[in-house]
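Asker: Take a look at this one; I'll ask things after.
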Amino acid sequence: VMFYDFYNDTNSVDCWLRGIPQLPAFTQKGDYIIGGVFQMHYYMKTVKKNYPSPPEGLIYISTLKINNSSDLLPGVALGYKIHDSCASTPMAVQVAFQFTNAPPLYKSSKVCSQSGRVLAVIGDSGSTSSISISRILGPLDIPQVSPFATCACLSDKTQYPTFFRTIPSDHFQALALAKLVKRFGWTWIGTVQSNSDYGNNGMASFLRAAQKEGICVEYSESFNRNDLQIIFINLYRSTAMVVVAFTAPEDLRVLLEELTVHPSPPRQWIGSEAWVTHSEVQRFHLLAGAIGYAIPKSNIPGFREFLLDLSPAKVAASHVLTEFWEGAFNCLLEKRAGSVDKVCDGTEDIQKLQNPYTDTSQLRITNMVYKAVYAIAHAIHYLVCKKINSKIHCDQFMKIEPIQVLDQLKRVNFSRNGYHVSFDANGDPVAFYELINWQINENGGLEFVTVGHYDESLSPGQKFNIKTVCLRMNQVPVSVCSDSCPPGTRKVLQKGKPVCCYDCVPCAEGEISNSTDSSDCSPCPNEFWPNAEKNFCRPKLVEFLSFHEILGIILSAFSIAGACLTIITAIVLFKHRFTPVVKANNSELSFLLLFSLTLCFLCSLTFIGRPSDWSCMLRHTAFGITFVLCISCVLGKTIVVLMAFKATIPGSNVAKWFGLTQQRMTVVSFTFVQVLICIVWLVLKPPYSNRNLTIYKEIIILECALGSAIGFWAVLGYIGLLAVFCFVLAVLARKLPDNFNEAKLITFSMLIFCAVWITFIPAYISSPGKFTVAVEVFAILASSFGLIICIFFPKCFIILFRPEKNTKKHLMGKK
């Protein structure tokens, strides 16, 4: 590793180079130099070799095109210095220090030359090494463009002010992976990640996104290549069927090699872009069906032709290309001491080679390098080139500083090879991923099939697109901690476990849940009630005493029968109105009583049917007035009986004080009082129809609210008062002669009437819903039948079946 000591004074900056600089793997001279750091090897190896001719590669192809372009930097030559970091952070740091100065200096030299200093650096491929490089280049304002460092931490401009990248940040990949997992309904997963900045930061972003999507993690393990035991334990014991792997390809390769020897139960693997299209892990069939996001593939113009044009003579000029050639054909370009490998015989044809590198469309990360080179070239173009008379002129001798390139990189905005290139305020491009599915081809091998995409630039509902995928299992595996709670239930979390582990509890009474996995139940509105499954609210059943139900039909039948019976009785009495039985019992009051009884029977019908404001007012007032009229008639008949008895006493003139006029006035007066009470009731606070929601939770009772309870009990109390008064008078007249038995009949009828209405009060108060109305109707009918049977049936029996008793002599008790 190289270190620089800086001593500031007013005139100069002194610096010393410590350590021996590393020669670049590829280099090319130019007017402006671009640095490059790439992981060409996974091990460190010292190679002392001169390169007599410029080495070839992607940057060579890019700079060659740029140098020959008439639109981009015409007349300006771009050069490069490309170093191999060997996947080693210390080596990347050493290279970074080299980029900050001119070609090698010695300790005796105190001149820090600016010539040969790179204007921008492309690399490194890993997040950890990119972070280290950025820590060195940042303070010196040297821009860094990485093609493959995806750690979201590098978007922090306060720590990495000169960092850019052409690959999306893991922040966006984490969001996309979370949506992918959610798309298949996997809420119970396991996660593994490399113990590196890439793995740990990427997984942290994913876990945050997964939590927002309602996904729970059974285990999350960070591992090193030499410590896989805990990963195996989790894979063997876990119930999660899905594993999300945020790992470097080399780390995953080691894990898969061990799993091949010691297989775990089948798991569905979800991959990050680092390994999901990497050839290092493509040979492991236990990843069949794996899905994950990858950088879009692209054909880079001229790159395939460059590779297919390689020959042994061209390859020998570069040890990197030599390794590529020898590895591809499994032979040595020249005999080496101690080697047993065969020597290439010259018949090797790269155009017939079946190799991942020959299908350049699969070199996804390579395209990111291609875009990085063009981004830097455009930044330099904006500084040294001007358009004069529709022609571009560039000053190849203009001295520019890295900070100027840095400033222009922020403004870069162009399209190349079908892709748009620009950077946001964090130095990140617009995120776009292809969704890759590992499918088995006809030859039994694994191939990468694009089955969808994720585009961050689209609206929220259109970002994620997926076609049919082929998973490892025949059907989509179920990976949940608890089965989904059906509608009608709610989730109750299991104590001490993640939110995805829960029990399903039925909704409480009056509540529903109409969606799967509902966290809470919602109450139904007042006039609605849950169905049996408790998954939707249906209107409550409306209940009232209807003409169509059995109880309503029976009561209606008795009401009509009572009215008909009363009318028949009136007809019988009218036909025999001149007979002693009819005449002796005050025929005028008898017919008025029969008329009022008919109204009493018929008024019970107003209590049946759907209540309305008008029917509620009618039923209570009609009931109160007709019954008072009825009791008034009975009371008049009772008084007449008493007066008739008193009139037989010698010297008594009572009869003249209670003639027909007085009888009529009595009935009218008593009835008028009730009418007055009803009018006051209707004016101040009348009865009204009401939807009672409190008696039954699941039923709405349509009822007539009293409006004023005082009004109702005043009407009922007045009827009771008259009935009691009538009963007392009837009792006083009970000892009249047997043949003149009107008083006894009234006594019995009043006894029944009072008994009915005394029992009505507790029954009325305690009866729920429509049975309250039924009790009231029953009381009306019972008391009405009691009156007509007790008062009129004996008379009708004598008239129809015992006419011999229908004589004046018999009534007067004479034989």
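Asker: Criterion first (of a type in the set (Ser, Thr, Tyr), over 30 Å from PHE771 (Cβ atoms) and in the same structural domain as GLU434 (by TED's automatic domain parsing)) does SER459 satisfy it?
Answerer: yes
Asker: Quick one: how many residues across the range 243-274 are out of contact with any Phe, Trp or Tyr (no Cβ under 9 Å at 6 or more places or on another chain) and either free of Cβ contacts under 8 Å to residues at least 12 places away in the same chain or under 25 Å from ASN367 (Cβ atoms) (or both)?
Answerer: Number of matching residues: 1.
Asker: I'm checking my understanding of the structure. Among residues of the range 138-170 that are among the aliphatic types (A, V, I, L, M) and in a loop (DSSP other than H, G, I, E, B), which one is farthest from the chain's Cα centre (by Cα)?
Answerer: The selected residue is ILE142.
Asker: Separate question: Within the set of pairs 6+ apart or on separate chains, which have a first residue in the range 86-100 that is within 11 Å of GLY126 (Cα to Cα), a second that is among the charged types (D, E, K, R) and assigned to a helix (DSSP H, G or I), and C-beta atoms under 8 Å apart?
Answerer: ALA87/GLU250
Asker: Further question on the same structure: Specify the residue that is farthest from GLU273 (Cα to Cα); the eligible residues are those in the range 409-427 that are touching a helix residue (DSSP H, G or I) at 6+ places or on another chain (Cβ under 7 Å) and in a strand (DSSP E or B).
Answerer: Only one residue tops the list, namely PHE414.
Asker: Identify all residues within the range 332-384 that are touching a strand residue (DSSP E or B) at 6+ places or on another chain (Cβ under 6 Å) and either more than 30 Å from PRO296 (Cβ to Cβ) or at pLDDT below 80 (or both); write none if there are none.
Answerer: Result: LEU332, LYS335, ASP341, VAL343, VAL384.
Asker: Let me ask something else about it. Answer yes if at least one residue in the range 545-552 is closer than 30 Å to PHE591 by Cα and surrounded by 13 or more Cβ atoms within 10 Å (Cβ to Cβ), and no otherwise.
Answerer: yes
Matching residues to (1) of a type in the set (Ser, Thr, Tyr); (2) touching a Phe, Trp or Tyr at 6+ places or on another chain (Cβ under 7 Å); (3) at positive phi:
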position: CYS537; (1), (2), (3): no, yes, no
position: GLU543; (1), (2), (3): no, no, no
position: GLU549; (1), (2), (3): no, no, no
position: SER556; (1), (2), (3): yes, yes, no
position: SER559; (1), (2), (3): yes, yes, no
position: PHE578; (1), (2), (3): no, no, no
position: SER615; (1), (2), (3): yes, no, no
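Asker: In the list VAL499, VAL430, VAL469, VAL476, which residue meets the criterion of being assigned to a loop (DSSP other than H, G, I, E, B) and under 30 Å from ASP407 (Cα atoms)?
Answerer: After ruling out the rest, the residue left standing is VAL430.
Asker: Please state which one of VAL641, VAL628, VAL572 is at pLDDT below 80, part of a helix (DSSP H, G or I) and not basic (Lys, Arg). Can you show your working first?
Answerer: Details: VAL628 fails: at pLDDT below 80; VAL572 fails: at pLDDT below 80.
Just a single option satisfies the conditions, and that option is VAL641.
The values are calculated or read from the model by the stated rules, or taken from the named source; none is laboratory data. Bear in mind that the values here come from a model prediction, so they are computed numbers and not experimental data. A quick note on method: Cβ atoms are made from the backbone with ideal geometry, for glycine too, and the neighbour counts reach across all protein chains shown.
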